[in-house]
Structures are given as structure tokens and as C-alpha cells.
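The values are calculated or read from the model by the stated rules, or taken from the named source; none is laboratory data. On a predicted model such as this, the values are computed, not experimentally measured, just so you know. Note that we place each Cβ from the backbone using ideal geometry, even for glycine, and neighbour counts take in every protein chain shown. The area values use the complete protein model at the heavy-atom level, side chains included, leaving out ligands, DNA and RNA. Shrake-Rupley method; radii C 1.70, N 1.55, O 1.52, S 1.80 Å.
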Amino acid sequence: DTDGNLYVAEAVGNRIRKITPTGVVTTFAGSTTAVSGYVDATGTAARFNGVSSLTIDAQNNLYVSDNGNSRIRKITPAGVVTTLGTFSGGSA
């Protein structure tokens, strides 16, 4: 992102991890215990199922391919997860 943070999609962990420029690793969104599901919420209250691809825009919003739920999800810099749309067949 514009602050130098790195975001990693953990497909098996069903979460998005944030790594700061100083190396601090946190769960930015999704389960802290690898629980899968489908919940739009903030931070660790959100649920994913097999996240894969990530991209980020100029406002530091993340866009996530939530393959197990066949959804494209958006995560704001505050960690608010919403669903933008669905897809079918394969991964996005």
C-alpha cells in the first residue's frame, strides 16, 4: 500500500495478513483460527473461504478473490469487508 505495508492472502488460513515495513505481522481481515465462512464484517469478524488473488487501489482498498464463496470482496483501510459481486467457475 502507500504506507509500504504488504498484504498476503492465506488460502488455507482464510485470512488476509498485513506485514508492516518493520516486519510486524497481523491478521488484517478474516479468521484468526482458520475458520472458513462468508461474513461481511470488520477485521477478524469477517469470514472468507479460500482467498487467493489480491490487488489494491490508490486509496489503499484491497480487492480479494474469495474463491470458496465465488465472491469478489473489498476491504477498506479500516478493515471493513464488503462483497462487490460474484463469479462462477474457477478462480477470479
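Points worth noting:
- Under-5 Å amide H pairs with F28, H placed in peptide plane, nonlocal only: I16, R17, K18
- When only Cα pairs below 8 angstrom with a gap of at least 6 residues are kept, the stretch 10-85 shows a relative contact order of 24 percent.
- Computed from backbone phi with θ = phi - 60° and the Karplus coefficients 6.51, -1.76 and 1.60, the 3J(HN,Hα) list for the stretch 73-88 is 10, 10, 10, 6, x, 7, x, 7, 9, 9, 9, 9, x, 10, 9, 9 Hz; x is used for glycine and proline.
- Percent carbon-and-sulfur accessible area, the chain, ignoring ligands, DNA and RNA, probe 1.4 Å: 53
- Per residue, the accessible area of the chain comes to 50 Å², computed with a 1.4 Å probe over protein heavy atoms only.
- Along each principal axis, Cα extent of the chain, largest first, Å: 38, 29, 21
- Against the criterion of solvent-accessible heavy-atom surface with a 1.4 angstrom probe, Y7, Y63 sort, most first, into Y63, Y7.
- Couplings for the stretch 42-58, taken from phi via the Karplus curve 6.51 cos²θ - 1.76 cosθ + 1.60 with θ = phi - 60°, read 10, x, 6, 7, 6, 10, 10, 9, x, 5, 9, 5, 10, 8, 9, 9, 5 Hz in order; Gly and Pro are left as x.
- Positive end of the dipole of the chain (Cβ unit charges, origin at the Cα centre): among A58, T33, G4, the Cα lying farthest that way belongs to T33.
- Per residue, the convex hull spanned by the Cα atoms of the stretch 48-92 measures out at 59 cubic angstrom.
- Accessible surface of T32 - all protein chains present, 1.4 Å probe, nearest 10 Å²: 90
- Per-residue surface analysis assigns D66 an accessible area of about 0 Å², computed on protein heavy atoms at 1.4 Å probe radius.
- Sparsely packed loop sites in the chain (the trypsin sites (Lys or Arg not before Pro) outside DSSP H, G, I, E and B with at most 13 other Cβ atoms within 10 Å) do not occur.
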